[in-house]
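What follows is a short report on a single structure.
Only the coordinates and a few stated rules stand behind these numbers; no lab work does. Since the model is a prediction, treat every value here as computed from it, not as a measurement. For neighbour counting, all protein chains shown are included, and Cβ atoms are generated from backbone atoms with ideal geometry for every residue, glycine included.
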Amino acid sequence: MRRKLTGALLTLLALTVLGPGTAASQVSELSELSEQDGSGRLLRLFDGRGLTGWSQAGPGGFDVVDGVLRSRDGMGLLWYSARQFADYELRLQWRVSAPTDNSGVFLRFPDPGDDPWVAVNQGYEVQINDNPAGDPQKTGAIYNFQQPRTQASRPVGEWNDYRVRVIGQRYRVWLNGVLVNDFTSTDPARGDRGHLGLQNHDPTTRAEFRHITVRELHRR
């Protein structure tokens, strides 16, 4: 019978395999995984062909072009209406076509109907915006709540990897393998489960998304 590794054993394993200079963040993540290894199956939310399970709130939308989601017009919200999620890890790739492009990934908001502002006011947005002259909240920010620790975006036109881990009221964001935000919510207006969504921000932005997956996490 295969047994789960304890946090202490994983810490020892990290130091043994990775060496005594292993960063505390790496050891911490290994330990955390030991507490979350009741993970559910991987759910692919976008198959590269259609928008089954998704709905649009507000103006504009997303088109499926060459296997990716491409935004147009706005401001609107493409949201995964098939179901809600509580604790999970979201993985996706995104890219923009110009330095001024603006978009975002929304987390844990209730059914918005046709109003994209429900996601803004009752969920959390992980920002996508590297415009040096635009909104001061840059890529990796928890919009209106916490700025990113550092900038880790790739050049315009290249794909970026977002990994977002949501457990309880803690929200962590990795951009291209770099932890750029570690935020703990204290706002009672934000719930502990909800829908996921992608923002089509404005008519001049062309943001693209692909490889959108969620793995649910089950706390002990």
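Summing Lys, Arg as +1 and Asp, Glu as -1, what charge do residues with Cβ under 13 Å from the Cβ of TRP79 carry, TRP79 excluded?
Working: positive: ARG83, ARG108; negative: ASP111, ASP114, ASP115, GLU125.
It works out to a net charge of -2.
At 0.36 nm per residue, and after removing the present C-alpha to C-alpha distance, how many nm does the segment from ASP182 to ARG41 gain when stretched out fully? The partial results should precede the final answer.
Values: separation 141, 0.36 × 141 = 50.76 nm, distance 2.48 nm.
Gain on extension, ASP182 to ARG41, equals 48.3 nm.
Once you have the Cα-Cα distance between ARG49 and GLN169, take 0.36 nm times their residue separation minus that, and quote the gain in nm to one decimal.
39.8 nm
Determine the gain in length on full extension of the stretch ASP114-ARG154; use 0.36 nm per residue of separation and subtract their C-alpha separation, reporting nm with one decimal. Display every interim value, and only then the final one.
Details: separation 40, 0.36 × 40 = 14.40 nm, distance 3.30 nm.
Extra length from ASP114 to ARG154 when fully extended: 11.1 nm.
Go through region 146-155 residue by residue and turn each phi into a ³J(HN,Hα) via Karplus (6.51, -1.76, 1.60, θ = phi - 60°); whole Hz please, and just put x for glycine and proline.
Karplus values, whole Hz, x for Gly and Pro: 8, 6, x, 5, 7, 9, 9, 5, 8, x.
Can you put PHE106, PHE85 in order, fewest other beta carbons within 10 Å first? Display every interim value, and only then the final one.
Working: PHE106 26, PHE85 22.
Starting with the residue having the fewest Cβ neighbours, the order is PHE85, PHE106.
For region 95-109, what does the Karplus curve 6.51 cos²θ - 1.76 cosθ + 1.60, with θ = phi - 60°, yield as ³J(HN,Hα) per residue in whole Hz, taken in order and with x for Gly and Pro?
Once θ is set to phi - 60°, the couplings for region 95-109 become 8, 10, 9, 8, x, 8, 5, 9, 7, x, 10, 9, 10, 6, 10 Hz.
Under a crude label model (7 Å from the Cα following the beta-carbon direction), how far is ASN144 from ASP73 in nanometres?
Placing both labels 7 Å beyond Cα along the Cβ direction yields 2.5 nm.
Obtain the nm distance between the two label points defined at VAL65 and ALA86 by a simple spin-label model: each point lies 7 Å from its Cα along the Cα-to-C-beta direction.
Each label point is offset 7 Å from its Cα along the Cβ direction, giving 4.0 nm.
Short version: ³J(HN,Hα) in whole Hz for each residue of region 164-173, in order, from phi by Karplus 6.51 cos²θ - 1.76 cosθ + 1.60 (θ = phi - 60°), x for Gly and Pro, what are they?
10, 10, 10, 9, x, 9, 9, 10, 10, 10
Apply the a/c threshold of 1.5 to the C-alpha gyration tensor of region 40-216 and tell me whether it is rounded, prolate or oblate.
rounded
Report the net charge of residues surrounding VAL68, where surrounding means a beta-carbon distance below 9 angstrom and charges are Lys +1, Arg +1, Asp -1, Glu -1.
Net charge around VAL68: +1.
Within region 96-123, which residues have the backbone N less than 13 Å from the label spot 7 Å out from THR204 along Cα→beta-carbon, could you tell me?
Output list for this probe position: 98-102.
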